[in-house]
Amino acid sequence: MDIPAKYDPTVTEDKWYEFWLKNEFFKSVPDEREPFTIVIPPPNVTGVLHMGHMLNNTIQDVLVRRARMMGKNACWVPGTDHASIATEAKVVQKLRAEGIKKSDLSRDAFLEHAWEWTDKHGGIILEQLKKLGASCDWDRTRFTMDDKYYESVIDTFVDLFEKGKIYRGERMINWDPSAKTALSDEEVIHKEENSKLYYVKYQILGSNEFVTIATTRPETILGDTAICIHPKDERFTHLHGKKAIVPLLGREIPIILDDYVEMEFGTGCLKVTPAHDANDFMLGQKHKLETINIMNADGTLGPDAQMYVGEDRFVVRKKIVKELEEKGSLVKIEEYLNKVGYSERTDVVIEPRLSQQWWVDMKELSKPALENVMNDNIQFHPAKFKNTYRHWMENIKDWCISRQLWWGHRIPAYYYGEEEGQFVVAKSLQDALVKAREKTGNQSLTEADLKQDEDVLDTWFSSWLWPISVFDGFYEKEEVDYYYPTNDLVTAPEIMFFWVARMIIAGYEYRDELPFKNVYFTGIVRDTQGRKMSKSLGNSPDPIELMKQYGADGVRVGMLLTSPAGNDLPFDPKLCEQGRNFSNKIWNAFRLINSWEIEDKEPTESAKMGSLWFDNKSAQVLAELNTAYDQFRISEALMLSYKLIWDDFCSWYLEMIKPTYGDSIDRTTYEHAVSSFETILRVIHPFMPFISEEIWHLLRERNSPEESIVLAQWPKASAPNSALLESFEKTAEVVSNVRQVRKNNNIPNKIQIELFAKINHGADKSFDCVIQHLCNVASITYCEEQVENSFSFIVSGNEYFVPFGDNVDVEGEIEKLKKELEYAKGFCQSVSKKLSNERFVSGAPEQVVAAERKKMADAEETIKIIEEKLASLS
């Protein structure tokens, strides 16, 4: 067989992925097997693959591939999210480039453009995931705007409205002036900034007295409708019942009393702007204040501001400060550190704005979702995120679900009049007409009299149904009853509230059951300087280019080498290089085995012991590996697999069984080597699907597609012989020391040497044949006394000697032993100091003190042995 010297992923990856798809290995239909279900966190339909996707989807694929090998009916459902704000922004941008304004188009015409754009660009990211090796059931690909999915979102809205859980109300909301839409609290990112605090004078009506008020947003002065003071603040008792004058405008406003004001904070006086601050809005409602909205939807000042109309809010801020100063109303400006809210989508400063919106009442809905995470029915990995989750859920606010956009699920509310409450909520226009006639008693109403709400629903209002609706769970029973609840969700902590919490809420509301059993939180992918990877910083490599350079397997391994659950991943392309080197190591191991000439003869003693040892070592590692998987320690599972292959299989096992130069290998050992290779290929397959499939087919003839490694059985763990493994650890130390003796003294490996052993603490001689084979040792002689004129070393209290050959540097050996003695005495002294500390001995656990005493005894014995050896050389 002509095997290339180097593994070439560009040749194998497309070949095997096409093979897997052709044979429908990723396809899942309900059957008698135990289901294992993962639903992909649907990426934005606008998206392209970035490093966060790579990490998240690699972990999902690892879990799914292993479950498939364990005989479960693995179903990984892919799909994309319509992403209202992001997609609409892309379409508006595209139209603008073509000289078309959104405002010049009808809703239907705009949606045609949106669908055209989605059809052209949507799904790119899913195709890119195939390059990664994602084993999704692509026939199940869903989109949150699919007809059936759309229907489930609308039905959910209608249902919750009829249950009294959805209502329409005027509230203070987060407004994105760029996207011109409301945002939920979770879509606002608070950034700490160096701002300015402006102190402004307000004259008391009918006097020459002034009160000073501090604000970070002086432009909102134009919307002030009161000044608030604490009723018990003696400084301002004389102002009770008085009025003040708004600077620049001359508007008279009342001075109100409320214990909401903190007397010790600032000046003790608070300006009240009900239309532009959530707390001020509550004060306004309580004291029946006028509400003046000074801001347009795009962040410019509106006509009710009376000044600076049509100018941007931040331009006005500069201008109004200058005018206040000119009019003598500005007392001072101070530097001020505060948190400013930014839109998560457009990164512009959000504007608190009073608006009629649709809301979900979350208090009762959220209770089961909190309870079932805190009692571990749903397990978070790592568990530390439970505290963050609990804090949010215990302080949950009503959810603003309306967005002032056209792309998305249109709110199924139909208005038959302009006054408050003159609407019905219905699944269709026809249903709405029936309900409107019933509500009004007016049978002459027609469909033309009804006008549907212009807004669409928050994107998360559709994606919170994802684990149910991907299986058409509101309408079909078979699939959802089989696949739901799903097993594991892999996602980022940033969307714990956006998505995870809400899916749990929807799961208990509509299935009376959890939506998934485990939530694995990934960390953030950062560069070597600790910065989050982003396009704007230019520090995010293109995953497709990385895969071209290092192979998909190399990148998958590189991503997971340093990414424990919940912790950020410090990514360096060198990690992918390490992954590629690992691929080459596996490939070279295969080439070595494939190069051996096979003969029907008895195995060597070293090969017998090597095979026995590897069977036990792989059994030990497999048990540890299964535990790591069960506890979602995926990076640890990779490292266990990595070391089993690189260290145990390649560096030890293959060397133990390898025939001497020019010799053949016996058939029994060869078959064991192939079988062991198949075991490690199955172990590494979830992490490295492509190279494992390639070598799997090269190792043996596979005549049927069903013999693919994708469907191979996960290795079964058996109980290892611990005594044998412990014995080998000591053997490995002996081998390493003999090799070091050769290296330090320039003794070529082809020259046979003698090894003498003085056993002081017992020794298992069963691995002597391995020492002889690996170190080219002619014989191992057991002796009662130290061997003069020899190199020596100590392993577990036993002494080993390699007799000097010609031209040996005795002085160099003495110098080496002196250094070893100095180290041993220093170590002994440090342990002795610890044991002479009465507080340590009386306070530390008994086993800790016993371990220190053993260290002391071992060190003293080592000192004695080295001193005796030095005496023999002097």
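General observations
- Heavy-atom accessible surface of segment 440-487: percent carbon and sulfur, 1.4 Å: 45 percent
- As a size descriptor, the averaged projected area of the C-alpha convex hull of segment 114-183 was calculated at 8.0 nm².
- Sorting the segments 748-759, 576-587, 371-382 by their residues' average number of neighbouring beta-carbon atoms within 10 angstrom, most packed first, yields 576-587, 371-382, 748-759.
- Size of charge dipole - the chain - debye, nearest 20, with Cβ of Lys, Arg +1 and Asp, Glu -1, no other charges: 1720 debye
- Taken along the Cα-to-beta-carbon direction at a fixed 7 Å, the label points for MET70 and LEU835 span 4.7 nm.
- 30 Å Cα-Cα reach of LYS435 towards lysines, excluding residues that sit fewer than 8 places from it in its own chain: LYS148, LYS163, LYS165, LYS363, LYS427, LYS451, LYS477
- With all protein chains modelled, accessible area of GLU187 [1.4 Å, Å²]: 10 Å²
- Listed residues ASN616, PRO218, LEU239: farthest to the positive end of the dipole of the chain (Cβ charges): LEU239
- With the whole protein complex present, HIS53 retains an accessible surface near 40 Å², based on a 1.4 Å probe.
- Counting only protein heavy atoms and a probe of 1.4 Å, the accessible surface of segment 126-166 is 47% carbon and sulfur.
- Segment 650-760: relative contact order in percent, alpha carbon pairs under 8 Å with at least 6 residues between: 16 percent
- Exposure of LEU537 as accessible area (Å², to 10), given a probe of 1.4 Å and all protein chains: 90 Å²
- Working from Cα pairs under 8 Å separated by at least six residues, relative contact order for the chain is 12 percent.
- By average C-beta atoms within 10 angstrom, highest first, the peptides 629-642, 779-792, 269-282: 269-282, 629-642, 779-792
- Size of charge dipole - segment 461-579 - debye, nearest 20, with Cβ of Lys, Arg +1 and Asp, Glu -1, no other charges: 560 debye
- Accessible area per residue for the chain is 46 Å², calculated with a 1.4 Å probe on protein heavy atoms, without ligands, DNA or RNA.
- Exceeding the 21 Å Cα-Cα cut-off - candidates LYS196/LYS318; LYS758/LYS833; LYS201/LYS243; LYS765/LYS855: LYS758/LYS833; LYS765/LYS855
- Each peptide in 392-398, 317-323, 139-145 gets a packing score, the mean of other Cβ atoms within 10 Å over its residues, and the list from highest to lowest is 139-145, 317-323, 392-398.
- Around the Cα centre of segment 559-683, unit charges on the Cβ atoms of Lys, Arg, Asp and Glu (plus for the first two, minus for the last two) sum to a dipole of about 320 debye.
- Solvent exposure, largest accessible area first (probe 1.4 Å, DNA, RNA and ligands not counted), of SER676, SER651, SER103: SER103, SER651, SER676
- Signed unit charges on C-beta, dipole axis of the chain, positive-most listed residue SER692, ILE229, PRO659: ILE229
- Of the GluC sites (Glu not before Pro) in segment 214-276, those whose Cβ has at most 13 other Cβ within 10 Å and which sit in DSSP loop: GLU262, GLU264
- Think of segment 213-356 as having a plus end and a minus end, set by charges on the Cβ of Lys, Arg, Asp and Glu; of GLN306, VAL272, LEU283, GLN306 sits farthest toward the positive end of this dipole.
- For LYS191, a cut-off of 16 angstrom between C-alpha atoms picks up these lysines, skipping any fewer than 8 places away in its own chain: LYS339, LYS532.
- Label-point separation, LYS232 to ARG591 (7 Å along Cα→Cβ), nm: 8.4 nm
- Reachable lysines from LYS15, criterion Cα separation under 28 angstrom, eight or more residues apart if same chain: LYS6, LYS27, LYS72, LYS120, LYS130, LYS131, LYS548, LYS574, LYS585
- Taking the 1.4 Å solvent-accessible surface of segment 658-774 as the whole, the part contributed by carbon and sulfur is 47%.
- Accessible surface comparison of ASP81, ASP542, ASP31, probe 1.4 Å, protein chains only, largest first: the order is ASP542, ASP31, ASP81.
The values are calculated or read from the model by the stated rules, or taken from the named source; none is laboratory data. As the structure is a prediction and not an experimental result, all values here were calculated from the model. As a convention, Cβ positions derive from the backbone with ideal geometry for all residues, glycine included, and neighbour counts pool all protein chains shown. Note: accessible area is taken over every heavy atom of the protein model, side chains too, but ligands, DNA and RNA are not part of it. Shrake-Rupley method; radii C 1.70, N 1.55, O 1.52, S 1.80 Å.
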